[in-house]
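The values are calculated or read from the model by the stated rules, or taken from the named source; none is laboratory data. In this text, all values refer to a predicted model and were calculated from it rather than measured experimentally. Note that each Cβ is placed from the backbone with ideal geometry, even for glycine, and that neighbours are counted across all protein chains shown. To get the accessible areas, we keep the full protein, side chains included, count just its heavy atoms, and leave off ligands, DNA and RNA. Shrake-Rupley method; radii C 1.70, N 1.55, O 1.52, S 1.80 Å.
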Amino acid sequence: MELGVPDIVKWFDFANKKIQHHKDYLSALDRPIGDGDHGINMARGCKEAINKIMTKNYAEPSEVIKDVAMALLAKVGGASGPLYGTAFLKMSMAVKGYEVLSLSTLANGMEAALAGLKQRGKSDIGEKTLIDVWSPMGDYISTGEISSDGLIELARDALETSKDTMATKGRAAYFKEKSIGHIDPGSASSFYIFEALAEVIKEKE
Ligand code: ADP
Ligand code: MG
């Protein structure tokens, strides 16, 4: 399996459509354990990213990912903007120089993105943040044996698990034990991003 420029553009196109579609749901998730703006933030940033990449020609996937990163950094805001921006910037740097991304190159990109998230968020897995989705996704992709169904199933499991954990980072951490039982909004937006990736991969299976 290899992902070229059109596939990566399609990834973000699908992801943007999902984020726009679930914008109100993402903000609703952010209401009980945050400030209710996650859907608005993500929808604004993703729209900017899509406007940028749909009107340009690219020689390699890393350039697409970099433009997405810069748009998210500039437009999402909140805690999640710098986090997503950093993740995709680190990913783009890790896959620079490849015209198409093999699964192992994508795995390197995921590893770099995850390291960026942890560093930027001063956080780790199990703190009820989007890292709880990115981490198992990275692990799965690095096995080198993946399927689109497997990706979606694992992302959904990770999202469900985020419900049962107590937040120790971000706004949700102020709610302490009361954060338990709520889905983490950032994990939900990340779920849509990986569901979009799975749909691109499914078309190639
Ligand atoms: P804000 O919290 O500033 O309103 P958003 O609502 O856009 O920003 O994003 C909230 C999401 O960001 C959370 O659901 C969580 O997944 C993620 N997040 C917040 N703080 C951190 C952190 N320190 N490390 C990793 N992820 C975080
Ligand atoms: Mg918020």
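For the range 86-178, which whole-number percentage of the solvent-accessible area (1.4 Å probe, protein heavy atoms only) is attributable to carbon and sulfur atoms?
50
Size of the dipole of the range 66-190 about the Cα centre, Lys and Arg at +1 and Asp and Glu at -1 on the beta carbon, nothing else charged, in debye to 20?
Rounded to the nearest 20 debye, it is 740 debye.
If I fit a long axis through the Cα atoms of helix 148-164 and take the longest principal axis of the Cα atoms of the chain, what angle between them do I get, 0 to 90°, rounded to 10?
20
So which of 52/169; 10/56; 118/202; 10/52; 47/202; 23/128 end up more than 22 Å apart, counting from Cα to Cα?
With Cα atoms farther than 22 Å apart: 52/169; 118/202; 47/202.
So for the range 49-197, averaging the separation of alpha carbon pairs under 8 Å that are six or more residues apart and normalising by length, what relative contact order in percent results?
RCO, the range 49-197: 18 percent.
Any idea of the accessible area per residue across the range 2-204, 1.4 Å probe, to the nearest Å²?
45
Sort all Cα-Cα distances of the chain into consecutive 5 angstrom bins from zero, then give the percent of pairs in each bin up to the one containing the longest distance.
1, 9, 16, 22, 23, 16, 8, 4, 1, 0
Between beta-carbons, use under 15 Å as the cut-off and find the net charge around residue 67, counting Lys and Arg +1, Asp and Glu -1.
Computed value for this residue: +4.
For helix 131-141, report the angle its Cα long axis makes with the longest principal axis of the Cα atoms of the chain; keep it between 0 and 90° and round to the nearest 10°.
Approximately 30 degrees, to the nearest 10.
Pairing the Cα long axis of helix 5-21 with the longest principal axis of the chain, what angle in degrees results, from 0 to 90 and rounded to the nearest 10?
That helix lies at roughly 30 degrees to the long axis.
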